[in-house]
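Below is one structure, written out as C-alpha coordinates; the observations come after it.
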Amino acid sequence: MKRARPRLVKTGYDGPVMAMLEVEIWRGEGGGGAWRRYAVPHEANQTVLDVVTHVQRHIDPSLAYRFACRVGMCGSCAMTVNGRPRWTCRTHVSQAARKGRVRIGPLRNLPVIRDLAVDMAPFFEKWRDAGARFVPSGEPPEEPVRPDEPERRAADAGIECINCAVCYAACDSVAWNPDYPGPAVLNRLWTLANDRRDGDRDGHLDAAGAGCHLCRSHQECADACPTGLNPTAAIAGLKREVFRRALGGRTREGRQ
Amino acid sequence: MRRGPWWAFLLHRLSGVALAVFLPVHFLVLGLAVERAALDRVLDWTDNPWVKLAEAGLVVLLALHLTGGLRVLLLEFGRWSDRQQSRIAVAGGLALLAGFGFLAAAFA
Ligand code: HEM
Ligand code: SF4
Ligand code: FES
(Lines give C-alpha, C1' and ligand atoms only; values in the text may rest on other atoms or scores of the structure.)
(Ligands and ions follow the chains in the order given, each with its own letter.)
Protein backbone atom coordinates (compact mmCIF):
# COMPACT_ATOMS: atom_id res chain seq x y z
CA MET A 1 0.00 0.00 0.00
CA LYS A 2 1.41 3.36 -1.03
CA ARG A 3 1.53 5.91 1.73
CA ALA A 4 1.46 9.56 0.81
CA ARG A 5 3.72 11.81 2.83
CA PRO A 6 1.61 13.65 5.44
CA ARG A 7 1.28 17.25 4.38
CA LEU A 8 0.25 20.37 6.22
CA VAL A 9 -3.05 21.82 5.08
CA LYS A 10 -4.44 25.26 5.94
CA THR A 11 -6.20 25.48 9.27
CA GLY A 12 -9.36 27.38 8.42
CA TYR A 13 -8.87 29.34 11.60
CA ASP A 14 -8.12 33.05 11.54
CA GLY A 15 -8.25 34.12 15.20
CA PRO A 16 -5.19 34.92 17.33
CA VAL A 17 -2.39 32.36 17.28
CA MET A 18 -3.05 29.58 19.78
CA ALA A 19 -1.95 26.08 20.64
CA MET A 20 -2.32 23.84 17.65
CA LEU A 21 -3.02 20.14 17.54
CA GLU A 22 -1.20 18.03 15.02
CA VAL A 23 -4.00 15.93 13.64
CA GLU A 24 -3.65 13.04 11.23
CA ILE A 25 -6.80 11.68 9.62
CA TRP A 26 -7.16 8.64 7.41
CA ARG A 27 -8.41 9.69 3.98
CA GLY A 28 -9.43 7.26 1.29
CA GLU A 29 -12.13 5.13 -0.20
CA GLY A 30 -12.57 1.40 0.26
CA GLY A 31 -9.32 -0.42 1.02
CA GLY A 32 -6.90 2.32 -0.09
CA GLY A 33 -5.94 5.63 1.41
CA ALA A 34 -3.35 7.58 3.32
CA TRP A 35 -2.87 9.63 6.49
CA ARG A 36 -3.29 13.35 5.89
CA ARG A 37 -2.10 15.98 8.33
CA TYR A 38 -4.14 18.93 9.55
CA ALA A 39 -3.46 21.69 12.08
CA VAL A 40 -6.44 22.24 14.35
CA PRO A 41 -6.62 24.85 17.10
CA HIS A 42 -6.72 23.28 20.54
CA GLU A 43 -9.59 24.39 22.73
CA ALA A 44 -10.68 23.71 26.28
CA ASN A 45 -12.93 20.64 26.70
CA GLN A 46 -12.52 19.83 23.01
CA THR A 47 -13.61 16.35 22.00
CA VAL A 48 -12.10 14.25 19.24
CA LEU A 49 -15.39 14.65 17.39
CA ASP A 50 -14.97 18.44 17.66
CA VAL A 51 -11.58 18.06 15.98
CA VAL A 52 -13.02 16.03 13.11
CA THR A 53 -15.90 18.48 12.75
CA HIS A 54 -13.47 21.40 12.64
CA VAL A 55 -11.58 19.79 9.79
CA GLN A 56 -14.80 19.08 7.91
CA ARG A 57 -16.30 22.54 8.42
CA HIS A 58 -13.22 24.73 8.03
CA ILE A 59 -10.61 22.81 6.07
CA ASP A 60 -12.01 20.07 3.87
CA PRO A 61 -15.78 19.64 3.50
CA SER A 62 -15.27 16.37 1.63
CA LEU A 63 -14.22 14.56 4.83
CA ALA A 64 -16.64 11.69 5.50
CA TYR A 65 -17.50 10.74 9.08
CA ARG A 66 -20.55 9.85 11.11
CA PHE A 67 -22.15 11.21 14.26
CA ALA A 68 -25.60 12.09 15.52
CA CYS A 69 -26.29 12.67 19.21
CA ARG A 70 -22.91 14.05 20.40
CA VAL A 71 -23.77 12.92 23.94
CA GLY A 72 -22.86 9.22 23.96
CA MET A 73 -26.30 7.82 23.23
CA CYS A 74 -26.46 6.83 19.58
CA GLY A 75 -23.22 4.92 19.09
CA SER A 76 -22.49 6.31 15.60
CA CYS A 77 -19.29 8.29 16.19
CA ALA A 78 -16.80 5.52 16.98
CA MET A 79 -13.35 5.83 15.41
CA THR A 80 -9.80 4.70 16.07
CA VAL A 81 -8.02 7.39 18.07
CA ASN A 82 -4.28 6.99 18.51
CA GLY A 83 -4.66 3.26 17.96
CA ARG A 84 -7.61 2.75 20.31
CA PRO A 85 -11.26 2.39 19.34
CA ARG A 86 -13.27 5.07 21.12
CA TRP A 87 -16.54 6.98 21.05
CA THR A 88 -15.25 10.30 19.77
CA CYS A 89 -18.06 12.53 21.06
CA ARG A 90 -17.23 11.70 24.68
CA THR A 91 -13.47 11.41 24.31
CA HIS A 92 -11.65 14.60 25.21
CA VAL A 93 -8.60 15.48 23.19
CA SER A 94 -6.73 15.91 26.46
CA GLN A 95 -7.39 12.21 27.23
CA ALA A 96 -6.41 10.90 23.83
CA ALA A 97 -3.68 13.19 22.47
CA ARG A 98 -0.03 12.26 22.86
CA LYS A 99 2.26 15.28 22.88
CA GLY A 100 -0.34 17.34 21.03
CA ARG A 101 -0.74 14.71 18.31
CA VAL A 102 -3.95 12.92 17.48
CA ARG A 103 -4.28 10.27 14.82
CA ILE A 104 -7.86 9.50 13.84
CA GLY A 105 -8.75 6.54 11.65
CA PRO A 106 -11.80 4.43 10.86
CA LEU A 107 -12.85 1.54 13.13
CA ARG A 108 -10.97 -1.73 12.66
CA ASN A 109 -12.65 -5.00 11.57
CA LEU A 110 -15.25 -3.26 9.40
CA PRO A 111 -14.99 -2.28 5.71
CA VAL A 112 -14.19 1.38 5.14
CA ILE A 113 -16.67 3.24 3.00
CA ARG A 114 -14.73 6.50 2.91
CA ASP A 115 -12.38 8.28 5.30
CA LEU A 116 -13.73 7.73 8.83
CA ALA A 117 -17.06 6.17 7.84
CA VAL A 118 -17.14 2.37 8.03
CA ASP A 119 -19.82 0.04 6.78
CA MET A 120 -21.58 -1.19 9.93
CA ALA A 121 -23.59 -3.81 8.00
CA PRO A 122 -21.47 -6.86 8.98
CA PHE A 123 -21.79 -5.87 12.66
CA PHE A 124 -25.58 -5.58 12.50
CA GLU A 125 -25.98 -8.60 10.23
CA LYS A 126 -24.32 -10.80 12.85
CA TRP A 127 -26.66 -9.27 15.41
CA ARG A 128 -29.67 -10.10 13.23
CA ASP A 129 -28.46 -13.59 12.28
CA ALA A 130 -28.06 -14.49 15.96
CA GLY A 131 -31.64 -13.38 16.61
CA ALA A 132 -30.25 -11.25 19.42
CA ARG A 133 -33.45 -9.42 20.21
CA PHE A 134 -36.16 -9.63 22.81
CA VAL A 135 -38.78 -12.31 22.19
CA PRO A 136 -41.98 -11.55 24.09
CA SER A 137 -43.20 -14.60 25.97
CA GLY A 138 -46.79 -13.50 25.49
CA GLU A 139 -47.62 -13.84 29.16
CA PRO A 140 -46.38 -12.13 32.32
CA PRO A 141 -43.77 -14.07 34.34
CA GLU A 142 -45.43 -16.24 37.02
CA GLU A 143 -43.41 -14.44 39.65
CA PRO A 144 -42.91 -10.66 39.51
CA VAL A 145 -39.42 -9.61 38.36
CA ARG A 146 -37.60 -8.13 41.36
CA PRO A 147 -34.89 -5.56 40.54
CA ASP A 148 -32.47 -7.25 42.95
CA GLU A 149 -32.97 -10.87 41.95
CA PRO A 150 -29.78 -12.48 40.56
CA GLU A 151 -31.08 -12.94 37.03
CA ARG A 152 -32.28 -9.36 36.76
CA ARG A 153 -28.91 -8.17 38.03
CA ALA A 154 -27.11 -10.32 35.46
CA ALA A 155 -29.35 -8.90 32.73
CA ASP A 156 -28.92 -5.32 33.96
CA ALA A 157 -25.14 -5.67 33.90
CA GLY A 158 -25.13 -5.79 30.10
CA ILE A 159 -28.06 -3.64 29.18
CA GLU A 160 -26.53 -0.25 28.37
CA CYS A 161 -25.08 -1.22 24.99
CA ILE A 162 -25.29 1.58 22.41
CA ASN A 163 -24.23 -0.59 19.44
CA CYS A 164 -21.16 1.50 18.75
CA ALA A 165 -19.00 -1.46 17.60
CA VAL A 166 -16.05 -0.24 19.66
CA CYS A 167 -15.74 -3.71 21.21
CA TYR A 168 -16.04 -5.29 17.76
CA ALA A 169 -13.12 -3.17 16.57
CA ALA A 170 -11.06 -3.94 19.69
CA CYS A 171 -11.45 -7.71 19.39
CA ASP A 172 -8.75 -9.94 17.88
CA SER A 173 -11.07 -12.95 17.73
CA VAL A 174 -13.25 -10.89 15.35
CA ALA A 175 -10.16 -10.07 13.29
CA TRP A 176 -9.03 -13.70 13.21
CA ASN A 177 -12.34 -15.42 12.52
CA PRO A 178 -15.03 -13.97 10.26
CA ASP A 179 -17.61 -16.33 11.80
CA TYR A 180 -17.14 -14.97 15.32
CA PRO A 181 -20.25 -12.96 16.26
CA GLY A 182 -18.26 -10.53 18.40
CA PRO A 183 -18.56 -9.22 21.95
CA ALA A 184 -21.65 -7.01 21.53
CA VAL A 185 -23.89 -9.72 20.05
CA LEU A 186 -22.87 -12.25 22.69
CA ASN A 187 -23.30 -9.69 25.46
CA ARG A 188 -26.83 -9.10 24.17
CA LEU A 189 -27.60 -12.84 24.01
CA TRP A 190 -26.49 -13.24 27.62
CA THR A 191 -28.62 -10.28 28.67
CA LEU A 192 -31.66 -11.82 26.97
CA ALA A 193 -30.95 -15.26 28.41
CA ASN A 194 -31.09 -13.73 31.89
CA ASP A 195 -34.24 -11.72 31.23
CA ARG A 196 -37.13 -13.68 32.71
CA ARG A 197 -39.61 -11.78 30.55
CA ASP A 198 -37.98 -13.13 27.40
CA GLY A 199 -39.74 -16.12 25.86
CA ASP A 200 -36.83 -17.83 24.11
CA ARG A 201 -33.95 -18.44 26.50
CA ASP A 202 -33.11 -21.74 24.80
CA GLY A 203 -33.08 -20.06 21.40
CA HIS A 204 -30.67 -17.39 22.62
CA LEU A 205 -28.35 -19.97 24.18
CA ASP A 206 -28.47 -22.05 20.99
CA ALA A 207 -27.58 -18.95 18.98
CA ALA A 208 -24.57 -18.35 21.24
CA GLY A 209 -23.68 -22.06 20.89
CA ALA A 210 -20.48 -22.50 18.90
CA GLY A 211 -19.78 -18.77 18.59
CA CYS A 212 -19.17 -18.02 22.25
CA HIS A 213 -16.41 -20.62 22.46
CA LEU A 214 -14.38 -18.69 19.87
CA CYS A 215 -13.78 -16.04 22.53
CA ARG A 216 -10.25 -16.30 23.96
CA SER A 217 -10.94 -13.95 26.89
CA HIS A 218 -8.48 -11.27 25.80
CA GLN A 219 -10.78 -8.76 27.53
CA GLU A 220 -9.92 -6.02 25.05
CA CYS A 221 -13.68 -5.44 24.60
CA ALA A 222 -14.26 -4.84 28.29
CA ASP A 223 -11.31 -2.51 28.33
CA ALA A 224 -12.60 -0.49 25.39
CA CYS A 225 -16.39 -0.45 25.94
CA PRO A 226 -17.30 3.22 26.46
CA THR A 227 -20.35 2.46 28.59
CA GLY A 228 -18.32 0.25 30.88
CA LEU A 229 -19.88 -3.08 29.98
CA ASN A 230 -17.91 -6.30 30.32
CA PRO A 231 -18.69 -8.53 27.34
CA THR A 232 -15.98 -11.00 28.42
CA ALA A 233 -17.82 -11.69 31.66
CA ALA A 234 -21.08 -12.10 29.71
CA ILE A 235 -19.41 -14.52 27.27
CA ALA A 236 -17.95 -16.52 30.18
CA GLY A 237 -21.53 -16.84 31.45
CA LEU A 238 -22.66 -18.05 28.02
CA LYS A 239 -19.82 -20.58 27.83
CA ARG A 240 -20.85 -22.02 31.20
CA GLU A 241 -24.52 -22.16 30.36
CA VAL A 242 -24.00 -23.56 26.84
CA PHE A 243 -21.65 -26.20 28.27
CA ARG A 244 -24.07 -27.12 31.05
CA ARG A 245 -26.86 -27.57 28.54
CA ALA A 246 -24.64 -29.68 26.27
CA LEU A 247 -24.17 -32.02 29.24
CA GLY A 248 -27.95 -32.22 29.57
CA GLY A 249 -28.12 -29.66 32.37
CA ARG A 250 -31.46 -28.26 33.35
CA THR A 251 -32.75 -25.06 31.79
CA ARG A 252 -34.10 -22.22 33.85
CA GLU A 253 -37.61 -23.64 33.76
CA GLY A 254 -36.20 -26.69 35.50
CA ARG A 255 -34.56 -24.57 38.19
CA GLN A 256 -37.65 -22.67 39.14
CA MET B 1 -2.78 -1.45 23.17
CA ARG B 2 -2.56 -5.08 24.25
CA ARG B 3 -3.00 -5.56 27.96
CA GLY B 4 -2.32 -8.30 30.52
CA PRO B 5 -4.99 -10.82 29.54
CA TRP B 6 -3.93 -10.65 25.90
CA TRP B 7 -0.31 -11.43 26.76
CA ALA B 8 -1.47 -14.20 29.07
CA PHE B 9 -3.33 -15.67 26.12
CA LEU B 10 -0.28 -15.41 23.84
CA LEU B 11 2.02 -17.09 26.38
CA HIS B 12 -0.53 -19.84 26.87
CA ARG B 13 -0.79 -20.54 23.16
CA LEU B 14 2.97 -20.41 22.58
CA SER B 15 3.64 -22.67 25.58
CA GLY B 16 0.93 -25.06 24.32
CA VAL B 17 2.53 -25.28 20.88
CA ALA B 18 6.00 -25.64 22.42
CA LEU B 19 4.76 -28.50 24.59
CA ALA B 20 3.26 -30.22 21.57
CA VAL B 21 6.67 -30.02 19.88
CA PHE B 22 8.72 -30.97 22.93
CA LEU B 23 6.69 -33.81 24.45
CA PRO B 24 7.33 -36.31 21.61
CA VAL B 25 11.08 -35.74 22.09
CA HIS B 26 10.65 -36.22 25.82
CA PHE B 27 8.84 -39.53 25.33
CA LEU B 28 11.48 -40.62 22.85
CA VAL B 29 14.13 -40.11 25.52
CA LEU B 30 12.01 -42.00 28.05
CA GLY B 31 11.73 -44.78 25.49
CA LEU B 32 15.51 -45.01 25.51
CA ALA B 33 15.34 -46.11 29.13
CA VAL B 34 14.91 -49.62 27.78
CA GLU B 35 18.33 -49.31 26.19
CA ARG B 36 20.68 -48.66 29.09
CA ALA B 37 23.73 -47.36 27.15
CA ALA B 38 21.75 -44.89 25.06
CA LEU B 39 19.99 -43.53 28.12
CA ASP B 40 23.31 -43.04 29.92
CA ARG B 41 24.59 -41.01 26.98
CA VAL B 42 21.53 -38.77 27.15
CA LEU B 43 21.83 -38.44 30.92
CA ASP B 44 25.52 -37.47 30.56
CA TRP B 45 24.47 -34.82 28.10
CA THR B 46 21.93 -33.45 30.57
CA ASP B 47 24.72 -32.97 33.15
CA ASN B 48 25.80 -29.96 31.12
CA PRO B 49 24.67 -26.83 33.04
CA TRP B 50 23.41 -25.21 29.83
CA VAL B 51 21.21 -28.19 29.18
CA LYS B 52 19.93 -27.94 32.75
CA LEU B 53 19.12 -24.30 32.18
CA ALA B 54 17.24 -25.20 29.01
CA GLU B 55 15.38 -27.88 30.93
CA ALA B 56 14.39 -25.30 33.54
CA GLY B 57 12.97 -23.25 30.68
CA LEU B 58 10.88 -26.23 29.64
CA VAL B 59 9.67 -26.72 33.21
CA VAL B 60 8.59 -23.07 33.29
CA LEU B 61 6.83 -23.56 29.97
CA LEU B 62 4.93 -26.59 31.22
CA ALA B 63 4.09 -24.90 34.52
CA LEU B 64 3.03 -21.76 32.67
CA HIS B 65 0.68 -23.76 30.48
CA LEU B 66 -0.67 -25.63 33.49
CA THR B 67 -1.32 -22.59 35.70
CA GLY B 68 -2.46 -20.57 32.68
CA GLY B 69 -4.87 -23.37 31.72
CA LEU B 70 -6.25 -23.51 35.27
CA ARG B 71 -6.69 -19.73 35.12
CA VAL B 72 -8.72 -20.05 31.90
CA LEU B 73 -10.84 -22.82 33.41
CA LEU B 74 -11.47 -20.70 36.50
CA LEU B 75 -12.42 -17.73 34.31
CA GLU B 76 -14.80 -19.79 32.20
CA PHE B 77 -16.34 -22.05 34.83
CA GLY B 78 -16.06 -19.98 37.97
CA ARG B 79 -17.88 -16.82 38.94
CA TRP B 80 -16.60 -13.73 37.19
CA SER B 81 -14.02 -11.77 39.12
CA ASP B 82 -12.69 -8.34 38.22
CA ARG B 83 -9.29 -9.32 39.60
CA GLN B 84 -8.07 -10.94 36.39
CA GLN B 85 -4.69 -9.17 36.45
CA SER B 86 -3.95 -10.55 39.92
CA ARG B 87 -4.85 -14.05 38.80
CA ILE B 88 -2.50 -13.72 35.82
CA ALA B 89 0.25 -12.55 38.17
CA VAL B 90 -0.33 -15.55 40.47
CA ALA B 91 -0.31 -17.99 37.52
CA GLY B 92 2.93 -16.50 36.16
CA GLY B 93 4.52 -16.36 39.59
CA LEU B 94 3.80 -20.01 40.36
CA ALA B 95 5.28 -21.02 37.01
CA LEU B 96 8.48 -19.08 37.66
CA LEU B 97 8.65 -20.59 41.12
CA ALA B 98 8.46 -24.07 39.59
CA GLY B 99 11.37 -23.15 37.31
CA PHE B 100 13.54 -21.91 40.19
CA GLY B 101 12.60 -24.97 42.21
CA PHE B 102 13.81 -27.17 39.37
CA LEU B 103 17.08 -25.25 39.08
CA ALA B 104 17.65 -25.49 42.84
CA ALA B 105 17.12 -29.25 42.69
CA ALA B 106 19.25 -29.67 39.55
CA PHE B 107 22.30 -27.86 40.93
CA ALA B 108 21.95 -29.04 44.51
C1 HEM C 1 -0.77 -29.86 31.99
C2 HEM C 1 -2.06 -29.89 31.84
C3 HEM C 1 -2.74 -28.98 30.83
C4 HEM C 1 -3.73 -28.11 31.09
C5 HEM C 1 -4.39 -27.84 32.47
C6 HEM C 1 -4.10 -27.47 29.85
C7 HEM C 1 -5.12 -26.56 29.71
C8 HEM C 1 -5.45 -25.94 28.54
C9 HEM C 1 -6.60 -25.10 28.35
C10 HEM C 1 -7.67 -24.77 29.39
C11 HEM C 1 -6.58 -24.66 27.05
C12 HEM C 1 -7.63 -23.73 26.41
C13 HEM C 1 -7.10 -22.33 26.32
C14 HEM C 1 -8.15 -21.32 25.91
O15 HEM C 1 -9.33 -21.65 25.76
O16 HEM C 1 -7.76 -20.15 25.75
C17 HEM C 1 -5.41 -25.21 26.43
C18 HEM C 1 -5.00 -24.95 25.14
C19 HEM C 1 -3.93 -25.57 24.50
N20 HEM C 1 -3.13 -26.57 25.01
FE21 HEM C 1 -3.18 -27.19 26.95
N22 HEM C 1 -3.28 -27.93 28.85
C23 HEM C 1 -2.44 -28.87 29.40
C24 HEM C 1 -1.48 -29.60 28.72
C25 HEM C 1 -1.15 -29.45 27.39
C26 HEM C 1 -0.15 -30.23 26.70
C27 HEM C 1 0.64 -31.39 27.32
C28 HEM C 1 -0.07 -29.73 25.43
C29 HEM C 1 0.81 -30.19 24.28
C30 HEM C 1 0.57 -31.31 23.63
C31 HEM C 1 -1.01 -28.66 25.31
C32 HEM C 1 -1.23 -27.89 24.18
C33 HEM C 1 -2.20 -26.91 24.04
C34 HEM C 1 -2.40 -26.11 22.87
C35 HEM C 1 -1.61 -26.15 21.57
C36 HEM C 1 -3.50 -25.26 23.16
C37 HEM C 1 -4.11 -24.24 22.22
C38 HEM C 1 -3.83 -22.85 22.73
C39 HEM C 1 -4.92 -21.87 22.38
O40 HEM C 1 -5.98 -22.22 21.85
O41 HEM C 1 -4.69 -20.70 22.66
N42 HEM C 1 -1.66 -28.52 26.53
N43 HEM C 1 -4.73 -25.98 27.35
S1 SF4 D 1 -20.79 -3.65 24.27
FE2 SF4 D 1 -19.93 -1.58 24.66
S3 SF4 D 1 -18.37 -1.34 23.03
FE4 SF4 D 1 -19.68 -3.04 22.40
S5 SF4 D 1 -21.22 -2.11 21.04
FE6 SF4 D 1 -22.11 -2.16 23.13
S7 SF4 D 1 -21.58 -0.17 24.04
FE8 SF4 D 1 -20.28 -0.40 22.21
S1 FES E 1 -22.38 10.94 18.43
FE2 FES E 1 -23.86 9.63 19.42
S3 FES E 1 -22.54 8.37 20.67
FE4 FES E 1 -21.15 9.81 19.84
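The values are calculated or read from the model by the stated rules, or taken from the named source; none is laboratory data. Treat the numbers as computed from the prediction; the structure is a model and nothing was measured. A quick note on method: Cβ atoms are made from the backbone with ideal geometry, for glycine too, and the neighbour counts reach across all protein chains shown. Side chains are part of the model used for accessible areas, which takes the heavy atoms of the whole protein and leaves out ligands, DNA and RNA. Shrake-Rupley method; radii C 1.70, N 1.55, O 1.52, S 1.80 Å.
In the full protein context, the protein assembly as shown carries 55 Å² of accessible surface per residue, based on a 1.4 Å probe and ignoring ligands, DNA and RNA. A DSSP coil position with no more than 16 other Cβ atoms inside 10 Å describes the following GluC sites (Glu not before Pro) in the stretch A:142-187: A:Glu142, A:Glu160. Each Lys and Arg contributes +1 and each Asp and Glu -1, all at the Cβ; summed about the Cα centre of chain B, the dipole is approximately 580 debye.
Estimated from the Cβ-Cβ distance and a Förster radius of 35 angstrom, the FRET efficiency linking B:Leu70 and A:Ala44 is about 0.10. Rounded to the nearest 20 debye, the dipole magnitude of chain A is 1120 debye, with +1 charges on Lys and Arg beta carbons, -1 on Asp and Glu beta carbons, and the Cα centre as origin.
Measuring nothing but protein heavy atoms, the accessible surface of the protein assembly as shown at 1.4 Å probe radius is 59 percent carbon and sulfur. Heavy-atom accessible area for A:Thr47, with the other protein chains in place and a 1.4 Å probe, reaches approximately 20 Å². For the stretch B:55-100, a decrease in accessible area of 30 Å² or greater in the assembled protein chains relative to the isolated chain, with a 1.4 Å probe, applies to B:Leu75, B:Glu76, B:Phe77, B:Trp80. Taken over the protein assembly as shown, lysine pairs spaced eight or more positions apart, or on distinct chains, with alpha carbons under 30 Å apart number 4.
So which trypsin sites (Lys or Arg not before Pro) in the stretch A:182-256 end up in coil per DSSP with only 12 or fewer other C-beta atoms within 10 Å? Those satisfying the criteria are A:Arg250.
Put the Cα centre of the stretch A:169-233 next to the Cα centre of the stretch B:72-100 and the gap is 23 Å. Put simply, chains B and A cover up around 1600 Å² of each other's accessible surface, both sides summed, when a 1.4 Å probe is used. When trypsin sites (Lys or Arg not before Pro) are flagged only if DSSP places them in a loop and at most 11 other Cβ atoms lie within 10 Å, the longest unflagged stretch of chain B comes out as B:1-78. Using 7 Å Cα-to-Cβ label points, what is the A:Ile113/A:Asn177 separation (nm, one decimal)? For A:Ile113 paired with A:Asn177, the spin-label model returns 3.0 nm. The trypsin sites (Lys or Arg not before Pro) found in the stretch A:94-138 that occupy coil by DSSP, while having at most 16 further C-beta atoms within 10 Å, are A:Lys99, A:Arg133.
Put a dot 7 Å past the Cα of A:Arg57, heading toward its Cβ, do the same for A:Asp202, and the two dots end up 5.6 nm apart. The alpha carbon gyration tensor of the protein assembly as shown gives principal lengths a ≥ b ≥ c with a/c of 1.5 or higher and a/b no greater than b/c, which makes the shape oblate.
Of interest is the spacing of the C-alpha centroids, which for the stretch B:1-64 and the stretch A:120-151 amounts to 48 Å. Distance between the modelled labels on A:Arg146 and A:Arg37, one decimal in nanometres: 6.3 nm (7 Å Cα→Cβ projection).
Need one word for the stretch B:1-89: rounded, prolate or oblate. Basis is the Cα gyration tensor (sqrt eigenvalues a ≥ b ≥ c); a/c below 1.5 gives rounded, then a/b vs b/c decides. Judged from the Cα gyration tensor, the stretch B:1-89 comes out prolate (a/c at least 1.5, a/b above b/c). Only helices enter this figure: runs of n ≥ 4 DSSP H residues, each worth -39500 (n - 2.57), summed and divided by the residues of the protein assembly as shown, yield -15000 deg cm²/dmol at 222 nm to the nearest 500. Relative contact order for chain A: 16 percent, from Cα pairs under 8 Å spaced at least 6 residues apart, divided by residue count.
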